[in-house]
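Okay, so here's the structure we're looking at.
All of the numbers you see were taken from the coordinates with simple rules; none came from a lab. Owing to the predicted nature of the structure, the values given are computational and were not obtained by experimental measurement. Neighbour counts run over all protein chains shown; Cβ positions are idealised from the backbone, glycine included.
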Amino acid sequence: MANNKIGIHVLEPQDLIKAAHLVNSSGGDWGYVTFVIREDDFNRDKWQSFFNECRRLHLIPIVRLATRMMTGGFWAKPEIEELEKWPQFLNSLNWPIKQQIVVIFNEPNHSQEWGGEINPQEYALVLDRLINLFKQVNPNFFILGAGLDQAAGNTKSTMDEVKFLQEMIMVKPEIFNLLDGWASHNYPNHGFIGLPEDKGRATIRGYQWELQVLEQLGLNKKLPVYITEAGWPHQEGVDNEHQFYPAEKTAVFLEKALAVWQEDSRVKAITPFVLNYPLPPFDHFSWFNQDGSSYPQFDRVLGISKNRAEPEQIQSYEIIKVVLADFLPTDYLYKGKIVIKNTGQWIMGERGSFKIEVKQSDNEIQISEIKLPKNKLVFSDEEIILDFEVKTGTRSEEHNLVLGDNDYKIYVFKPWDLKNQKVSLWQQIRARINLWWLDFTRG
């Protein structure tokens with residue numbers, strides 16, 4: 001199945017329209033957006049609206065978990081005994097597609113990302129526990145470990161990535177084989193001034209180095225790569241930073257990097273950091289300026305040819321109500337109604353016509369197609385009323401119908417047939433009155 005690898009990192013829900021314009025341009029569809037959900041922001045209405053907008057705009061979400069900011073600029077460590085809240089909350093949301101990608105926190109080889117300390121063994125335990133919890137709740141969760149800082153050294157506030165990974169497997173030897181994919185931060189380091197041609201660790205090809213390290217540490221399966229952070233900062237910002245490249249040059253470099261990542265089948269998604277944050281500390285990474293104008297990399301990526309993806313979605317609906325008479329006279333045209341609710345991830349009618357399958361025991365009655373009107377869309381959790389017709393035959397007979405997963409019986413009778421044992425005279429009169437009244441109200 002085709003995959004549109006191009007994506008972007010967003011920080012605010014209101015940036016989704018710009019993101020969709022970028023990643024689904026030039027022939028593309030269903031690109032990616034990486035964003036953060038914090039434990040102090042479990043607002044179901046907010047995030048369901050966000051996911052609904054991703055569905056409407058054809059954006060595949062990559063959700064990165066975060067805790068809460070502590071005094072001093074540290075992110076709190078997650079509490080082991082409270083980890084269940086993450087899968088419970090995220091599973092309560094109706095995601096846009098079947099594959100629900102979750103990144104378990106961020107760069108824990110930095111002390112500021114882990115409560116002011118570096119503890120790879122503890123991170124391994126948290127990761128292992130969350131993998132199990134997410135999979136128990138819903139096997140469609142697709143789990144990535146935290147992206148790590150490849151350029152970090154062994155200091156008071158950082159740890160070398162290899163050492164960090166080695167200490168993780170000391171407590172959980174199989175931890176990397178439990179992952180569904182690998183989140184990678186591929187900045188042009190050191191100092192964000194590397195070149196697109198650079199290879200190895202802390203370059204745009206750093207994920208290749210990481211996969212080799214993981215294999216040496218016991219990884220025995222092929223992990224798809226999700227580049228959840230990448231990109232060159234530009235000189236331009238609130239204050240100019242002349243150690244960085246000018247925006248025009250960073251745009252050229254990014255286009256070259258995207259060509260490398262696009263050609264590598266191991267890379268499934270690329271979400272550079274960050275679409276729109278024109279103030280410190282991310283003004284030099286932002287793709288938009290304070291005045292709302294875009295930096296050159298936006299237009300460069302806008303013009304890159306992209307794939308038109310069609311990710312798998314859960315396509316389900318529920319029949320809420322059926323208006324269908326139990327008794328109908330022979331040679332009669334009855335107009336029924338059915339109320340259905342979209343309970344899936346899809347937008348009904350978006351990928352072609354939708355109709356309800358009808359099965360019947362014989363051909364003595366004729367039932368029209370029950371389908372959405374042309375160009376009508378039904379979004380997730382919405383209901384719609386569909387009309388249909390039933391034309392009876394000339395014989396008194398019981399008929400069995402199946403609409404969706406529901407069984408129905410219709411008994412067709414000859415009017416005023418007093419010998420009819422299944423339909424009494426009173427039932428015939430009542431059915432006649434009801435049908436007469438129905439015809440009258442319909443005009």
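Sorted from fewest to most neighbouring beta carbons within 10 Å, what does the list Phe42, Phe105 look like?
Values: Phe42 15, Phe105 23.
Ascending number of Cβ neighbours within 10 Å: Phe42, Phe105.
Hey, with R₀ at 45 Å, roughly what FRET efficiency would Leu279 and Ala2 work out to, going by the Cβ-Cβ distance, to 0.05? Don't jump to the answer; show the numbers that get you there.
Values: r = 37 Å, r/R0 = 0.83.
Efficiency computed from Cβ-Cβ geometry: 0.75.
For region 7-302, what is the charge dipole size about the Cα centre, in debye to the nearest 20, if Lys and Arg each add +1 at the Cβ and Asp and Glu each add -1 at the Cβ? Provide the component values of the computation, followed by the final result.
Details: 26 positive and 38 negative charges, 167 e Å.
Its charge dipole is roughly 800 debye.
Would you give the gap between the C-alpha center of region 40-70 and the C-alpha center of region 378-402, rounded to a whole Å?
Region 40-70 and region 378-402 have Cα centres spaced 39 Å from each other.
What are the ³J(HN,Hα) values, in whole Hz, obtained from phi via the Karplus relation 6.51 cos²θ - 1.76 cosθ + 1.60 with θ = phi - 60°, for each residue of region 347-357 in sequence order, with x given for Gly and Pro?
Values, residue by residue: 9, 4, x, 6, 9, x, 5, 10, 9, 8, 6 Hz.
Nearest 5 percent is fine: what portion of the DSSP beta bridges confined to region 7-302 is antiparallel?
On the way: 3 of 31 bridges.
Here the share of antiparallel DSSP bridges comes out near 10 percent.
For the pairs Lys5/Lys98; Lys135/Lys374; Lys98/Lys391, flag any whose C-alpha to C-alpha distance is greater than 29 Å. Before the final figure, lay out the partial values.
Details: Lys5/Lys98 17 Å; Lys135/Lys374 39 Å; Lys98/Lys391 40 Å.
Pairs exceeding 29 Å: Lys135/Lys374; Lys98/Lys391.
Can you put Thr343, Thr271 in order of Cβ neighbours within 10 angstrom, beginning with the fewest? Kindly include the intermediate steps, with their values, before the conclusion.
Values: Thr343 14, Thr271 28.
So the residues, fewest neighbours to most, are Thr343, Thr271.
For the chain, find the longest principal axis of its Cα atoms and tell me its angle to the long axis of helix 120-137, 0 to 90°, nearest 10.
Helix 120-137 sits at roughly 10 degrees to that axis.
Can you tell me the mean projection area, over all orientations, of the convex hull of the chain's alpha carbons? Units nm², please. Don't jump to the answer; show the numbers that get you there.
Details: hull surface 110.1 nm².
One quarter of the hull surface, i.e. the mean projection, equals 27.5 nm².
Distance from the Cα centre of region 118-158 to that of region 203-217, in angstrom?
Region 118-158 and region 203-217 have Cα centres separated by 17 Å.
I want the antiparallel fraction of DSSP beta bridges within region 1-108, as a percent rounded to 5.
Here the share of antiparallel DSSP bridges comes out near 5 percent.
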